[in-house]
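Shown next, in structure tokens, is the structure this report addresses.
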Amino acid sequence: NFWGVPIYESYAEWLASPYSDPETGQTCQDCHMKPDGITTNFAPGRGGVERDPQTIFSHDFPGGADTNLLQNTAELQVEVTHENGTAQVTITVTNTEAGHHIPTDSPLRQIFLVIIAIDSTGKPLNLLEGALLPDWAGDLAGQPGRYYAKILQQLWTEETPTSAYWTKTRILEDTRIAALESDTSTYIFEIPETDDFTIEATLIYRRAFYDLAYQKGWEIPDILMEEIIVEESKRYSP
């Protein structure tokens, strides 16, 4: 960035992570150019040489639009305990496979942890304690959960979040998860005394801010990275 705000930093993030260790780490090619295990010759009949398919790297270089890659990037852990009419939901998101922060590069990208807590009729449980997703989350705004993103603010308009990093901006907040690091958050819900309830935790990847995508007419579907559903069956007694 011309104004000194770092934006595209995948390599720097990798370099600062355990993945850059030459003895135990992994290169960018190890994740983004994996051999397909099938190709043995790039140019058969045209001078190509037969080789072990495990030594031939693909050139697909999947990234932030690749569902398979994203669904093998992070893990969710959900712990639910309940007593005295409340349920405590503790959720840990771990960057298990990316050799850089998640999400990385473009400041348009966001990952949302979304918590849905309902009773047996589908009625949402009352949230007593815990974070809600912000207004700029669009259709996810107001739901219990967390966001992971590099949030920029344009200096002359004070607009935030902004993706216009070619203007004067500052980093207002950076909540992304570094390689092999975790983020834990807790939510407390009011629960029925004798009825069942369900907790659903999802990790959703979004490639552009909701309002911007709407204004531009971009049809960019969200990608479901992880999902865990916990059903609690009348284990609480008053």
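Consider A179 carefully, then state whether it is in a strand (DSSP E or B), within 14 Å of the chain's Cα centre (by Cα), crowded, with 16+ Cβ neighbours inside 10 Å and not polar (S, T, N, Q).
no
With the requirement that a residue be within 22 Å of E231 (Cβ to Cβ) and open to solvent by 20 Å² or more (accessible area, probe 1.4 Å), what does the stretch 97-124 give you?
I116, I118, D119, S120, T121, G122, K123, P124
Listed residues I199, I191; which is open to solvent by less than 70 Å² (accessible area, probe 1.4 Å) and modelled with pLDDT of 95 or more?
None of the other options fit; the residue is I199.
Need pairs with beta-carbon distance below 9 Å; first residue hydroxyl-bearing (S, T, Y) and within the stretch 212-227, second surrounded by 13 or more Cβ atoms within 10 Å (Cβ to Cβ); sequence gap 6+ or separate chains.
Pairs found: Y214/G138.
Which residues, taken from the stretch 64-120, are of a type in the set (S, T, N, Q), assigned to a helix (DSSP H, G or I) and touching a strand residue (DSSP E or B) at 6+ places or on another chain (Cβ under 8 Å)?
Listed by number, the list holds a single entry, T67.
Report, by residue number, each residue of the stretch 84-96 that is at pLDDT 95 or above, of a type in the set (V, I, T) and either closer than 30 Å to L15 by Cβ or open to solvent by 10 Å² or more (accessible area, probe 1.4 Å) (or both).
T90, I91, T92, V93, T94, T96, listed by residue number.
State whether one or more residues within the stretch 36-47 are surrounded by 12 or more Cβ atoms within 10 Å (Cβ to Cβ) and closer than 27 Å to L203 by Cα.
Within the stretch 36-47, none of the residues are surrounded by 12 or more Cβ atoms within 10 Å (Cβ to Cβ) and closer than 27 Å to L203 by Cα.
L152 passes all but one of (1) of a type in the set (A, V, I, L, M); (2) closer than 30 Å to I118 by Cβ; (3) touching a Leu at 6+ places or on another chain (Cβ under 7 Å); which number fails?
L152 satisfies every listed condition except (2).
The values are calculated or read from the model by the stated rules, or taken from the named source; none is laboratory data. Quick caveat, the model's predicted, so the values are computed rather than measured. Don't worry about glycine lacking a Cβ; one is built from the backbone with ideal geometry, like all the others, and counts go over all protein chains shown. Ligands, DNA and RNA are stripped out before the accessible areas are found, and what is left, the full protein with its side chains, is counted by its heavy atoms. Shrake-Rupley method; radii C 1.70, N 1.55, O 1.52, S 1.80 Å.
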